[in-house]
Amino acid sequence: MDSIRQSSAGDRQPWYHVAKLVRDWAFWYNNRRLPRISVPRTFNDKIYWRKIVDRNPQFVIFNDKVLVRDWIANTRPSVNLAKMIWHGPNPRDIPDSALDEPAMFKANHGCGWNLAYDGQSPDRETIITTLEGWLSEVFGRKKLAEWAYAEIPPQALIEQRLVFENGARPHNYNVHCSDGKVLWVGIFFSDENGQRKLGYFGEDGSRLPVKMQNIMAAMDDSFRPASPLQEAIDAAKVLSSGVDYVRCDFMVTDETLWFNEMTTYSGSGHVKFSDPNYIGRLQEDWDLRKSWFLSQPQPGLVEIYRKSLLRELNRRAA
């Protein structure tokens, strides 16, 4: 498994797949244009830009589902963390005792790699085979070019499975932030048919007049956020301090807030909004001048681009 990973990740280059990115059909399909990479303007442009340009080493910690737990515990100790049952690089080392209770099996170096275990199924071999498959992959490199995932040493992990008292899945509260400022909040949950539904909300809990037109369906307008919303917002402001943009993801069960993950590539730059202009106004507070790339000198010819972009952003902000 190690040899598979080394052969697929060993030829990484700092600007790999640039040509593929600018031709990415998914961006064109959702935006009817190519991404603006040289001077990003929209939310999706900025996500694309950071995938190609911004190599903030903190992104590796944020996206590592094992390492980020220690960072959260030190940065915001009051945030609840689901119990870590086990983690390690070889799924066949999982002790039998780890299967004594319902749990979530995950890989630390990707997104969407989650396997629910109810205490009996799936069986051990199915779990191990699934985890080994995940650990042999470098998430997002070829299709999404989300470079930080490729820098994470793969591990399998087992966490406590969180549910409501009635057995329903947790609600997800995802707080989009820029250096301690809340841009908007995305809340989603799975209905009784397993369909995920999402709505956007302001910092005050009011529903925003914008919907996602791909990936998830819109939730009913009557939905009201639970009381942990304010707790999530307060925590996200602290966790995002000093970072030009990050999405702080939480889960809610029966009025209890739990940390879920930190997301640096929200939607991978492919989110189709019902009102791009409205989101455009909200994301103006995402100031790229606070990014790692623009905050310090870069090597070689890249420094010329950094200075040029910084001048342009300063001109627009004046």
Could you tell me whether segment 131-143 includes any residue that is open to solvent by 20 Å² or more (accessible area, probe 1.4 Å), part of a loop (DSSP other than H, G, I, E, B) and within 20 Å of ASP249 (Cα to Cα)?
yes
In segment 5-46, which residue that is open to solvent by less than 20 Å² (accessible area, probe 1.4 Å) and either closer than 17 Å to THR264 by Cβ or not in a helix (DSSP H, G or I) (or both) is modelled with the lowest pLDDT?
LEU21
In segment 237-248, is there at least one residue being at pLDDT below 95, open to solvent by 20 Å² or more (accessible area, probe 1.4 Å) and of a type in the set (Gly, Ala, Ser)?
no
Neighbours by Cβ (under 7 Å, 6+ apart or cross-chain): first from segment 218-233, at pLDDT below 90; second open to solvent by 90 Å² or more (accessible area, probe 1.4 Å):
ALA218/LYS211; ALA226/GLU255; SER227/GLU255
Working only within segment 252-266, note down all residues that are under 13 Å from PRO170 (Cβ atoms) and either in contact with a strand residue (DSSP E or B) (Cβ under 7 Å, 6 or more places away or on another chain) or assigned to a strand (DSSP E or B) (or both).
VAL252, THR253, THR256, LEU257, TRP258, PHE259, ASN260, GLU261
From the set of residues in segment 263-318 that are open to solvent by 70 Å² or more (accessible area, probe 1.4 Å) and of a type in the set (Gly, Ala, Ser), which is farthest from ILE47 (Cα to Cα)?
ALA318
Conditions (1) more than 22 Å from HIS87 (Cβ to Cβ); (2) open to solvent by less than 10 Å² (accessible area, probe 1.4 Å); (3) out of contact with any Asp or Glu (no Cβ under 8 Å at 6 or more places or on another chain) -> ARG169 fails only (2)
Looking only at segment 47-90, count every residue that is surrounded by fewer than 14 Cβ atoms within 10 Å (Cβ to Cβ), outside any helix (DSSP H, G or I) and within 18 Å of the chain's Cα centre (by Cα) and tell me the total.
1
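This table checks each residue for (1) farther than 24 Å from LYS65 by Cα; (2) in contact with a His (Cβ under 8 Å, 6 or more places away or on another chain).
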position: ARG161; (1), (2): no, no
position: ASN166; (1), (2): yes, no
position: VAL175; (1), (2): no, no
position: TRP184; (1), (2): no, yes
position: PHE201; (1), (2): yes, no
position: ASP204; (1), (2): yes, no
position: ARG207; (1), (2): yes, no
position: GLU231; (1), (2): no, no
position: ALA236; (1), (2): no, no
If you go through segment 226-244 one residue at a time, do you hit one that is charged (D, E, K, R), assigned to a strand (DSSP E or B) and either under 29 Å from ARG306 (Cβ atoms) or touching a Phe, Trp or Tyr at 6+ places or on another chain (Cβ under 9 Å) (or both)?
no
Can you name every residue in segment 267-294 that is more than 18 Å from LYS51 (Cβ to Cβ) and part of a helix (DSSP H, G or I)?
PRO276, ASN277, TYR278, ILE279, GLY280, ARG281, LEU282, GLU284, ASP285, ARG289
Looking at ILE158, is it part of a loop (DSSP other than H, G, I, E, B), of a type in the set (A, V, I, L, M, F, W, C) and at pLDDT 95 or above?
no
From the list GLY180, GLY194, GLY205, exactly one residue is free of Cβ contacts under 8 Å to residues at least 12 places away in the same chain and either in contact with a helix residue (DSSP H, G or I) (Cβ under 6 Å, 6 or more places away or on another chain) or on the phi > 0 side of the Ramachandran plot (or both). Which is it?
GLY194
Sole residue being open to solvent by less than 30 Å² (accessible area, probe 1.4 Å), part of a loop (DSSP other than H, G, I, E, B) and in contact (Cβ under 8 Å) with a residue 24 or more places away in the chain, chosen from VAL163, VAL210
VAL210
All but one of (1) surrounded by 17 or more Cβ atoms within 10 Å (Cβ to Cβ); (2) not in a strand (DSSP E or B) hold for ASP204, so report the exception by its number.
(1)
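The values are calculated or read from the model by the stated rules, or taken from the named source; none is laboratory data. Just so you know, these numbers come straight off a predicted model, no measurement behind them. All Cβ positions, even for glycine, are placed from backbone atoms using ideal geometry, and neighbour counts span all protein chains on display. Only protein heavy atoms, including side chains, enter the accessible area calculation; ligands, DNA and RNA are left aside. Shrake-Rupley method; radii C 1.70, N 1.55, O 1.52, S 1.80 Å.
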